[in-house]
Amino acid sequence: MFQRLFCAVVLVFSLSICTATAQVPADSEKTISRPDKNETIAWMKLVSQLPAAEQNVKADAALKGITASNSKTPRSDFQLCVGLAYLGNARAQRCVGYAYEKGIGVVDDLLESYVWFELAHGGGDKESASDVARVMLALNSTYPAPSEEELETEVAEQNRRLAEYQKEVKK
């Protein structure tokens, strides 16, 4: 009897540890901060468990809500897209670009928006070409406007981060 009780306690304890480590940080939908590395990796691990077709459906739904500025869950949509974007999903990268452009679920940042639109375009999302052009025009209207070299450096740095985070998820 004591052995069964002990086994039951161990089982419950181990299940609680497993579920605690698999959870994604809970944020308020009103949070607009940039995700840190740990938060991003947690979302990457969560969304990587979804089948590819479902990843695209979720990215499309989040993109639709963010582009229409009527998302009921802006922070969750943004975080979902961040997780998928760091895994290389071009649709999600476009979604992250819109979120940064409009400040939905995250602080608005045109340079970060440009980087994500450029990654989406480079990843095969043809629709993001017009987004790259639009944000580039907006960036060029700011003072001081970033140089082409600075933009290329930002995109290269984000690509480096993508590779680094993907290695972390595979561990």
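Brief remarks on what is shown
- When the pairs LYS45/LYS170; LYS37/LYS58; LYS45/LYS102; LYS30/LYS58; LYS64/LYS170 are compared against a 18 Å limit on Cα-Cα distance, LYS37/LYS58; LYS45/LYS102; LYS30/LYS58; LYS64/LYS170 fall above it.
- Each Lys and Arg adds +1 at its Cβ and each Asp and Glu adds -1 at its Cβ; summed about the Cα centre, the stretch 31-170 shows a dipole of about 660 debye.
- Rounded FRET efficiency, nearest 0.05, which uses the C-beta distance separating GLU152 from LYS72 and R0 of 22 Å: 0.05
- Alpha-carbon gyration tensor eigenvalues x 5, square-rooted, for the stretch 92-171, Å: 21, 14, 13
- In this rough spin-label picture, where each label sits 7 Å from Cα along the Cβ direction, the ASN159-ALA133 distance is 2.3 nm.
- Relative contact order of the stretch 31-170, defined on C-alpha pairs under 8 angstrom at six or more residues apart (%): 22 percent
- In Hz, Karplus ³J(HN,Hα) per residue of the stretch 151-166 (6.51, -1.76, 1.60; θ = phi - 60°; x = Gly, Pro): 5, 4, 5, 5, 5, 5, 5, 5, 4, 4, 5, 4, 5, 4, 5, 4
- Share of alpha-carbon pairs per 10 Å distance bin for the stretch 14-171, given as whole %: 11, 41, 35, 10, 2, 0
- Scalar couplings 3J(HN,Hα) for the stretch 77-82, obtained by applying the Karplus form with A = 6.51, B = -1.76, C = 1.60 to θ = phi - 60°, are 4, 4, 5, 4, 5, 4 Hz; x denotes Gly and Pro.
- Amide H contacts under 5 Å for ASP109, placed H, 5+ residues apart: GLU101, GLY103
- For LYS37, LYS102, the sequence from fewest to most other C-beta atoms within 10 Å is LYS37, LYS102.
- In terms of the mean number of neighbouring beta-carbon atoms within 10 Å, the peptides 132-141, 111-120 order highest first as 111-120, 132-141.
- 3J(HN,Hα) from dihedral phi, the stretch 33-49, Karplus parametrisation 6.51/-1.76/1.60, rounded to Hz, x for glycine, proline: 7, 6, x, 8, 4, 5, 5, 4, 5, 4, 5, 4, 5, 5, 6, 5, 7
Every read-out reported here was derived from the displayed coordinates using simple, explicitly stated rules and does not represent laboratory data. Keep in mind that this is a model prediction, so the values were computed, not measured. Using ideal geometry, Cβ is built from the backbone for each residue, glycine included, and neighbour counts are taken over all protein chains shown.
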